[in-house]
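Nothing in this text is a laboratory measurement; each read-out follows from the coordinates by a stated rule. Here the structure is a predicted model, which is why all the values come from computation and not from measurement. Cβ coordinates were reconstructed from backbone atoms using ideal geometry, including for glycine residues, and neighbour counts include every protein chain displayed.
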Amino acid sequence: MNDFFEEEDIDGQEPEARDRQKSLWIVAGFIGLVILIVLLVIAIDYDRNRYDRRTARQVKDKITDYKSKPGRTIRPGERTGLPGEKPDTRVDTQPGTNNQPAEKMEPSMSVVRVIADKKAGSATLLSRKGYFLTNYHVVQGSSFQVILFARDPKTSPEQYFATQIDFENEELDIAILKVVSTYGHGSISDLSPVILGDSSGLKLGNELYIYGYPNIGGDTITMTRGVISGFLEDESWIKTDANAASGNSGGGAFNQRGELVGIPTARTASGKKEDSQITIVRPIHLIRSYISPYL
C-alpha cells in the first residue's frame, strides 16, 4: 500500500480539473467584462438620447414661449458706451474664405435668427462645422439658443438648431455659437458659410448692406442699404446710415461683393422720429483673429 498522497491529490482535484476550472473563471470574467462594456455603452447612449429629447423639448417650449410672450428684445441703442479693447490685428485680411467666389455669395443664405432667453437677434454661419458668429449681448447668460433659418427669403424662418456658446468676449461684444442638436429637418447644408472680407480698407462713402431679423417689418429676413458715414475710436467701429433695429444685432454687414465686413452691434439716435439714426458696426478685421479657428 502506498502511504503517500500524490501532490495532485492534496486539494482533492486533479490538475486537469483545476485547469478547466481556471479556464472557466477566465471565460466568465471575460464575458462579464463584455457585458459591463455593453451596459456602459447602452447607458451612455440612453443618456445622450435623453439629453437630445430634453433639448428638443426645451427648444419647443422656448419657441412657444417666445411666440406667445415676445418679451423685451435687446435693443442695440441701449448699450452704454462702446468697448475699447484693441485686439491683435496682425492677421491675414485677404478677402474670401471657404473656397467660395465672392461674386456668387448670397448673404441671405448665411444669416439666421437667434432666440435666447426671450431676447432675439441675428447671426451668421462661419463654417459647415456648425459655428455661428453673433453679438455677446444677444446670447449673454443663456444656457442654449435656438437658431432659425429660411431657405427662401420670402418666407419666415423655421427652427433649425439648438446651440451653445463656444466662445465669448464681452469687451468686443462677440460670441461664437456651436450647434449641439438639430431640430426637425434642419441641415447645415441648407446654409452657406459667409465669406470674410477686408474691412480695414473700407472708406467713407462705401456702400454697406445690413442683413438680419429686426423686430419691425415682419418675420422675414430684412436687408437695408446705406453708406459708411464715418469711424469711431480709431476705426474700432464703423458708422453707417443703413437702418438697423432691435433684432439686427449680431447679423451681418456686407460689402458689394457679398463679403462679411462687420457685425451690426449698436445704434445711436436722439429718440425723435424725424431724426436719422446711425448704426454702429464692429469691423471684421478687428475680430478676425478670434474667428479664424472656427472657419
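A few remarks follow.
- Legend: Rg and Dmax of the stretch 100-246, from Cα coordinates, 15.2, 45 Å.
- Under Karplus coefficients 6.51, -1.76 and 1.60, residue-wise ³J(HN,Hα) of the stretch 169-181 in Hz, glycine/proline x: 9, 5, 5, 7, 6, 10, 8, 10, 9, 10, 5, 10, 7
- Pairs exceeding a 28 Å alpha-carbon distance, out of LYS119/LYS203; LYS154/LYS203; LYS118/LYS154; LYS118/LYS203; LYS119/LYS178: LYS119/LYS203; LYS154/LYS203; LYS118/LYS203.
- FRET efficiency, SER143 to SER189 (Cβ-Cβ, R0 30 Å, nearest 0.05): 0.65
- Length gained on full extension, GLN21 to THR268: 80.5 nm, using 0.36 nm per residue less the C-alpha separation.
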